[in-house]
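A quick write-up on the structure given underneath.
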Amino acid sequence: MNFILNPWPWYVSGPLIALVMFTLIYFGKTFGMSSNLRTFCTIAGAGKKSEFFNFKWQDQKWNLMVVLGTVIGGFIAHFFLSNETNILLNPQTVEKLQTFDFENIGKTLLPMEIYGWEAVSTLKGFSILVIGGFLVGFGTRYAGGCTSGHAITGLSTLQIPSLIAIIGFFIGGLIMTHLIIPLIF
């Protein structure tokens, strides 16, 4: 049971992801989560207002099953297959997070100071979620896909735009981590 409860090593999870990608490529499919938002909007009737949403969404049923499996799998993993272990962080990271008044550093995967109900119910917390959600949505559309689509599908099919997008994601993450988060907190 420990094999299921602990994170899988790269030499198990990596080949499994590669096997999934080979299967998708063989069947002419691409993987990405953000494309499902377009499918949900099309199902809701957005094709009547915008040409972008006017496509045959029934061809994406398989990808909707991926979303459903992700939600169900995440629920099962969190509530039934989680191992209560501390996250080992670099002491410098812990020290830096303490300067931002984070309390349970390494005890939880998501800090309650950002993702807890108390934080979300404040104007600052709600604003961070709304603005962050807008920026992620805009960036996903502008980049032509999300991180999973570009990093997994795009790079495995040797697409240069995906490589450029992944480099941009990393640069954006570094800017956010080192410049913007210290200003917010």
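Observations
- Between the beta carbons of ASN2 and GLU95, assuming R0 = 25 Å, the FRET efficiency works out to 0.20 to the nearest 0.05.
- Overall dimensions of the range 115-181, expressed as equivalent-ellipsoid semi-axes from the Cα gyration tensor (√(5λ), whole Å, largest first), are 28, 13, 10.
- Computed on the chain, with alpha-carbon pairs under 8 angstrom and 6+ residues apart, the relative contact order is 24 percent.
- Paramagnetic label zone (point 7 Å from Cα along Cα-to-C-beta, PHE40; backbone N under 15 Å) in the range 141-159: 141, 146
- Surface per residue (accessible, 1.4 Å probe) for the chain, Å²: 76
- Annotation: extensible slack from ALA77 through LEU174 equals 32.0 nm (criterion: 0.36 nm per residue apart, minus Cα-Cα distance).
- Reach of LYS29 by Cα under 22 Å, taken over lysines that are not fewer than 8 positions away in the same chain: LYS56, LYS61
- Gain upon complete extension [LYS56, VAL120; 0.36 nm per residue less C-alpha separation]: 19.3 nm
- In straight-distance terms, cross-link reach from LYS107 covers every one of the aspartates and glutamates whose alpha-carbon lies under 19 Å from its own, apart from those fewer than eight places away in the same chain; here that gives GLU84, GLU95, GLU118.
- Near-label residues of the range 147-185 by backbone N, under 20 Å of a point 7 Å along Cα→Cβ of GLU103: 185
- Spin-label model distance (nm) - LEU135 vs PHE27, 7 Å beyond Cα toward Cβ: 3.6
- Within the range 1-144, the ratio Rg/Rh, alpha carbon atoms throughout and Rh by Kirkwood, equals 1.03.
- Of all accessible heavy-atom area on the chain, the percent that carbon and sulfur account for (1.4 Å): 70
The values are calculated or read from the model by the stated rules, or taken from the named source; none is laboratory data. The structure presented is a predicted model; accordingly, all values stated were derived computationally and were not measured. Counting neighbours? That spans all protein chains shown, and the Cβs are built from the backbone with ideal geometry, glycine included. All accessible areas refer to the heavy atoms of the entire protein, side chains included, with ligands and DNA or RNA removed. Shrake-Rupley method; radii C 1.70, N 1.55, O 1.52, S 1.80 Å.
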